[in-house]
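Here, each number is a calculation from the coordinates, and none is a lab measurement. Keep in mind that what you see is a predicted model, and the values were worked out from it rather than measured. Cβ placement follows ideal geometry from the backbone for every residue including glycine, while neighbour counts extend to all protein chains displayed.
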């Protein structure tokens, strides 16, 4: 019984003329990359940018480090760079999206009492983080990447990524409103 080829093997096959091989890589990771874009730019813009991500990945696949069997961190890095290019290309009079507004309605703790505005507190806390701290934290928490893969996605060494994640966690712990929110959440979980 043969196992399915990993992403690195599929990318290698695509470089040797197997057109369906790269389509399989896209199929495997389309939902994760689309979700990454949607969480950062909204669903409508994500749909527009997703095609650009696949074109950029296809044209740059020869540079893919095939020692990594899973292409998801690389593809998220391509999506990250696509978003950066998009935001840099916007006219000066069109302001960048404000970080707290990037994921309206996102609530990681749905069970929290309605009196606590979780989304607002969390978005405000995330907005206070430095960009690389926020990106590493969200790649690990939302995209389910390892810290090393999150670092690889944005082009920083694993040790630097671990430091950014640690700093982000410490900053979130100390952010206004987060202590009360976490205490309240812990109390609710403990009561179940």
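Side notes on the structure shown:
- Ordering of 15-21, 57-63 by packing [mean C-beta count within 10 Å, highest first]: 57-63, 15-21
- Remark: 11, 154 ranked as 154, 11, counting other beta-carbon atoms within 10 Å and listing the fewest first.
- Ascending count of other beta-carbon atoms within 10 Å, so fewest first, for 160, 138: 160, 138
- Along its three principal directions, the equivalent ellipsoid of the range 1-97 from the Cα gyration tensor extends over semi-axes of 28, 13, 10 Å, largest first.
- This ranking places 55, 25, 140 by how few other beta-carbon atoms lie within 10 Å of each, fewest first, which gives 55, 140, 25.
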